[in-house]
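Colleague: Questions regarding the structure given below will be posed in turn.
The values are calculated or read from the model by the stated rules, or taken from the named source; none is laboratory data. This is a predicted model, so every value here is computed, not measured. Cβ placement follows ideal geometry from the backbone for every residue including glycine, while neighbour counts extend to all protein chains displayed. The area values use the complete protein model at the heavy-atom level, side chains included, leaving out ligands, DNA and RNA. Shrake-Rupley method; radii C 1.70, N 1.55, O 1.52, S 1.80 Å.
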Amino acid sequence: MKLPVQIKGIIFDLDGTLVESSLDFELIRQQIGCPEGIDLLKYVDDLSCQTSQARANNIIIEHEYQDAITAKPIKGMAELISAIEAAKMPTAIVTRNSLAASTMKVKQNAIAIDHVLTREDYPAKPAPDALLAIANQWQIAPKHIMYVGDYLYDIQAANNAGMIACLITHGVESRYQDLADIVIEELNQLLPFIQ
């Protein structure tokens, strides 16, 4: 697999990309009354009553916190991040998670990435704002940055930002994988792009 451009920085999604996640989105939807097919975070943002909005946010944060307690690193994560560090390539994490849950996951899984942006920092993916903010901070053109994620919103965010979209599938085909520039089954398949 050869890329037409050189990768000068890598941004990762967190859940399902660097750490395992067992978030039960169906249960969360039930508990906050979010219909199927509507983005959870958008649904909460659009709630007109502040009390309902606060309640829904608290339910999501509680689920994220419980998930953070049990989160384990995804196979190959430590090796990949070490290789990126050795190559002196900048890295960051952009997640739809809350800051509290993200901080816990990064810390307890010893993820050596200091730069973490959450939904509290910028509009949630698929909005490209967080990705573009990092590109700007790094002073690297978006086309030279790879965004690695495991879900449709990750690919859309990368595409919206003009970045290289990499989808990690963990061996499960998805209906949207053709929207990605690169499709990998596991993290170690990214190693050749770094050396």
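Colleague: For region 83-195, rounded, prolate or oblate, judged on the Cα gyration tensor with a ≥ b ≥ c (square roots of eigenvalues), a/c < 1.5 rounded, else prolate if a/b > b/c? Walk me through the intermediate numbers first.
Modeller: Details: a/c = 1.20, a/b = 1.12, b/c = 1.07.
Rounded is the answer for region 83-195, as its axis ratio a/c remains below 1.5.
Colleague: How large is the dipole of region 1-108 about the Cα centre if only Lys and Arg carry +1 and Asp and Glu carry -1, each at its Cβ, rounded to the nearest 20 debye?
Modeller: Working: 11 positive and 14 negative charges, 101 e Å.
In debye, rounded to 20, region 1-108 gives about 480.
Colleague: Let me ask something else about it. Using only DSSP helix segments of four residues or longer, with each worth -39500 (n - 2.57), what per-residue ellipticity at 222 nm results for the chain after dividing by its residue count and rounding to 500?
Modeller: Numbers: 8 runs with 80 residues, N = 195.
Computed ellipticity for the chain at 222 nm equals -12000 deg cm²/dmol.
Colleague: Can you give me the angle between helix 50-70 and the longest principal axis of the chain, using Cα atoms only, in degrees from 0 to 90, rounded to the nearest 10?
Modeller: 50 degrees
Colleague: Convex hull volume of the Cα atoms in the chain, per residue, in Å³?
Modeller: Numbers: hull volume 22.2 nm³, N = 195.
Considering the Cα atoms of the chain, their hull volume per residue is 114 Å³.
Colleague: Dipole of the chain, Cα-centred, from +1 at each Lys and Arg C-beta and -1 at each Asp and Glu C-beta, to the nearest 20 debye?
Modeller: Details: 15 positive and 25 negative charges, 99 e Å.
The calculation lands at about 480 debye.
Colleague: Taking a probe of 1.4 Å, how large is the accessible area per residue of the chain, in Å²? Display every interim value, and only then the final one.
Modeller: On the way: 9920 Å² over 195 residues.
Result: 51 Å² of accessible area for each residue.
Colleague: What do you get for trypsin sites (Lys or Arg not before Pro) in region 94-186 restricted to DSSP loop and a cutoff of at most 10 other Cβ within 10 Å of the site's Cβ? Write down the numbers at each step before the final one.
Modeller: Working: sites: Arg96, Lys105, Lys107, Arg119, Lys143, Arg175; in loops: Arg96, Arg119, Arg175.
Listed in order of number, the matching sites are Arg175.
Colleague: Could you calculate the contour length gain from Ile38 to Glu185, that is, 0.36 nm times the residue separation minus the distance between their Cα atoms, to one decimal place in nm? Could you put the intermediate results ahead of the total?
Modeller: Working: separation 147, 0.36 × 147 = 52.92 nm, distance 2.75 nm.
Roughly 50.2 nm would be gained on extension.
Colleague: Further question on the same structure: Using amide H atoms built 1.01 Å from N in the peptide plane, name the residues 5+ places from Val19, or on other chains, whose amide H lies under 5 Å from its own.
Modeller: Under 5 Å from the amide H of Val19 lie the amide H atoms of Ile74, each far enough along the sequence or on another chain.
Colleague: Further, regarding this structure: Quick check: the distance between the Cα centres of region 150-176 and region 53-113, to the nearest angstrom?
Modeller: Between the Cα centres of region 150-176 and region 53-113 lies a distance of 18 Å.
Colleague: Provide the gained length on full extension for the span Asp45 to Ala78, in nm with one decimal, where the gain is 0.36 nm per separating residue minus the Cα-Cα distance.
Modeller: Working: separation 33, 0.36 × 33 = 11.88 nm, distance 3.51 nm.
Taking 0.36 nm per residue and subtracting the Cα distance, the gain is 8.4 nm.
Colleague: Measure nothing fancy, just the Cα-based angle from helix 77-86's long axis to the longest principal axis of the chain, in degrees from 0 to 90, nearest 10.
Modeller: 50 degrees
Colleague: Let me ask something additional. Averaged across orientations, what area in nm² does the convex hull of the alpha carbons in region 1-56 project? Walk me through the numbers before you get to the answer.
Modeller: Values: hull surface 27.1 nm².
Average projection, Cα convex hull of region 1-56: 6.8 nm².
Colleague: Aspartates and glutamates within cross-link reach of Lys42: Cα-Cα under 20 Å, excluding same-chain residues under 8 positions apart?
Modeller: Asp13, Asp15, Asp24, Glu26, Glu62, Glu64, Glu120, Asp121, Asp129, Asp150, Asp154
Colleague: Let me ask you something else. Ranking request for peptides 121-132, 149-160, 81-92: highest mean number of other beta-carbon atoms within 10 Å first, then the rest in descending order. Let's see the in-between values first.
Modeller: Working: 121-132: 19.6, 149-160: 22.5, 81-92: 15.6.
Most protected by this proxy first, the peptides run 149-160, 121-132, 81-92.
Colleague: Please report the accessible area of Glu20 (heavy atoms, 1.4 Å probe, ligands and nucleic acids excluded) in Å², nearest 10.
Modeller: Its accessible surface works out to 100 Å², give or take rounding.
Colleague: Let me ask another. Return the ratio Rg/(2.2 N^0.38 Å) for region 1-112, where Rg is computed over Cα atoms only.
Modeller: Working: Rg = 16.8 Å, N = 112, 2.2 N^0.38 = 13.2 Å.
Normalised by 2.2 N^0.38 Å, the Cα Rg of region 1-112 equals 1.27.
Colleague: Give me the percent of accessible area attributable to carbon and sulfur for region 113-170, probe 1.4 angstrom. Write down the numbers at each step before the final one.
Modeller: Details: 1080 of 2310 Å².
The nonpolar share, carbon plus sulfur, comes to 47 percent.
Colleague: What distance in nm lies between label points placed 7 Å from Cα along the C-beta direction at Asn136 and Thr169?
Modeller: Placing both labels 7 Å beyond Cα along the Cβ direction yields 3.5 nm.
Colleague: Averaged over every viewing direction, what's the projected area of the C-alpha convex hull for region 134-178? Give it in nm², one decimal, please. Walk me through the numbers on the way to the answer.
Modeller: Working: hull surface 12.6 nm².
So the Cα hull casts an average projection of 3.2 nm².
Colleague: I've got another one for you. Taking only Cα atoms, what is the 0 to 90° angle, nearest 10, from helix 152-161's long axis to the longest principal axis of the chain?
Modeller: It is inclined by approximately 60 degrees.
Colleague: Putting +1 on Lys and Arg Cβ atoms and -1 on Asp and Glu Cβ atoms, find which of Asn58, Ser48, Asn97 reaches farthest to the positive end of the dipole of region 44-117.
Modeller: Asn97
Colleague: Still on this structure: Given contacts defined as C-alpha pairs under 8 Å and at least six residues apart, what's the relative contact order of the chain, whole-number percent? Don't skip to the answer; put the middle values down first.
Modeller: Values: 306 pairs, mean separation 48.5, N = 195.
Answer for the chain is 25 percent.
Colleague: Across every pair of different alpha-carbon atoms, what Kirkwood hydrodynamic radius in Å does region 67-147 reach?
Modeller: On the way: mean 1/r = 0.0735 Å⁻¹.
Radius from the Kirkwood sum: 13.6 Å.
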